[in-house]
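Engineer: I have a structure here, written as structure tokens, and I will follow up with some questions on it.
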Amino acid sequence: MMWIRESGWWLGFLIAGLVGFAFLAIHLGVFHLPGLLSGRPGSEVLSFPAAMERARSPSTAASYIVLLGALLYHGFYGLRGLLLELFPGRAARRAITWGAALIGMAVFAYGTYTTAVAARLAGG
Amino acid sequence: MKKRKNDLGLWGWLGGGRWGLERYLYSAQRLSGVLLLLYLVTHVIVSGFRVNEPLWTEIMGALDRPWVHVLEFLLLVVVAFHGFNGLRLVLAELGLSLGRMRRPVYPYRTSLVRQRPLTLALMLMAVAFIVIISIEFFALPE
């Protein structure tokens, strides 16, 4: 029965990959298009004032959280599948699944937290 | 659990079974995925430093080096490959590029007739992305 449940997680993996692709394209556009279009790639995009400008709008925070969730889920599910192939067995399965889930959720919590702090710092 | 006879483990990534192009693309997809996951975790931690202005300015200053830009460029190359190859895999896994079911009468018409042009198209898109990115990284004056 657990194989039937597994396919739900796997479909989520595909969807997270597609959603992550889309949001990553936007994320990369925000950081690289200004340099490309102005003809002057520079570190202005990465300066603290620019970072605060970006952090001000709630849509930035929302898009960061979606991007983070999608890519972390996609990444850790992929890593879990890879590790389960290399280390089969019931105990390994439990350890790998829980390890991936917990580390993924911890990184997600940290990323969401810093996004919220940055938004508040910027005055959003 | 007893190791099965056909369990090649990591060596299987180098081409276990049919040595088609897709096998190598898939192995590269897995490898690039692991590398990107490592980068992602690092990136989330480092960009979390934007909540502390002096720390942020110091780190961004330290990372404003040519060799860092080269590494960032390589990262985007890996992202492009993983992303576009991933699109190919999603299409393949959901059966959208397999073609109509037909009788296996010689000469056999396999799904590769549709899949290979799709693979080429997606990889060309990845190359186009990389060309645009390399313009920003290397061709524009600082």
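Engineer: Work out the mean other chain Cβ neighbour count within 10 Å for the residues of A:72-78 and drop it here as an integer.
Structural biologist: On the way: counts 4, 0, 5, 8, 3, 0, 7.
The per-residue average across the peptide is 4.
Engineer: Can you find, among A:ILE96, A:HIS27, A:GLY12, the residue farthest towards the positive end of the dipole of chain A? Put +1 on the C-beta of Lys and Arg, -1 on that of Asp and Glu.
Structural biologist: A:ILE96
Engineer: Here is a further query. Count, for each residue of A:45-55, the Cβ atoms from other chains sitting within 10 Å of its Cβ, then give me the mean as a whole number. Provide the component values of the computation, followed by the final result.
Structural biologist: Numbers: counts 1, 9, 4, 8, 1, 0, 8, 3, 0, 1, 2.
Mean number of neighbouring Cβ atoms from other chains: 3.
Engineer: Sort B:VAL131, A:VAL45 so the one with the fewest other Cβ atoms within 10 Å of its own Cβ comes first.
Structural biologist: So the ranking, lowest neighbour count to highest, is B:VAL131, A:VAL45.
Engineer: Let me ask something additional. Can you tell me the convex hull volume per residue for the protein assembly as shown, based on C-alpha atoms, in Å³ to the nearest whole number?
Structural biologist: Values: hull volume 44.6 nm³, N = 266.
Normalising the Cα hull of the protein assembly as shown by residue number yields 168 Å³.
Engineer: Among B:HIS82, A:HIS32, B:HIS69, which comes first, second and so on when ranked by fewest other beta-carbon atoms within 10 Å?
Structural biologist: Working: B:HIS82 22, A:HIS32 18, B:HIS69 14.
Placing the least packed residue first, the sequence is B:HIS69, A:HIS32, B:HIS82.
Engineer: How much mean residue ellipticity at 222 nm does chain B get from its helices, if each DSSP H run of length 4 or more adds -39500 (n - 2.57) and you divide by all residues, to the nearest 500 deg cm²/dmol? Intermediate results must be reported in sequence, preceding the final value.
Structural biologist: Values: 4 runs with 88 residues, N = 142.
The per-residue figure over chain B is -21500 deg cm²/dmol.
Engineer: So what are the ³J(HN,Hα) numbers for the stretch B:73-89, from phi and the Karplus equation (6.51, -1.76, 1.60; θ = phi - 60°), rounded to whole Hz, Gly and Pro as x?
Structural biologist: The phi angles translate into 4, 4, 4, 5, 4, 5, 4, 4, 4, 4, x, 6, 5, x, 4, 4, 5 Hz.
Engineer: How crowded by other chains is A:80-92, given as the mean number of beta carbons from other chains within 10 Å of each beta carbon? Can you show the working numbers first?
Structural biologist: On the way: counts 0, 2, 6, 1, 0, 6, 4, 2, 5, 1, 1, 1, 1.
Partner Cβ neighbours, averaged per residue: 2.
Engineer: How big is the charge dipole of the stretch A:2-122 about its Cα centre, in debye rounded to the nearest 20, if each Lys and Arg gets +1 on its Cβ and each Asp and Glu gets -1 on its Cβ? The partial results should precede the final answer.
Structural biologist: Numbers: 9 positive and 4 negative charges, 57 e Å.
Dipole of the stretch A:2-122, to the nearest 20 debye: 280 debye.
Engineer: Follow-up. Rank these for me by crowding, A:TRP9, B:TRP13, going from fewest to most other beta carbons within 10 Å. Don't skip to the answer; put the middle values down first.
Structural biologist: Values: A:TRP9 13, B:TRP13 17.
Least to most surrounded, the residues fall as A:TRP9, B:TRP13.
Engineer: Tell me the label-point distance for the pair A:LEU36, A:ILE103, using the 7 Å Cα-to-Cβ offset, in nm and rounded to one decimal.
Structural biologist: 3.3
All of the numbers you see were taken from the coordinates with simple rules; none came from a lab. Just so you know, these numbers come straight off a predicted model, no measurement behind them. Methodologically, a virtual Cβ is constructed for each residue, glycine included, from the backbone with ideal geometry; neighbour enumeration extends over all protein chains shown.
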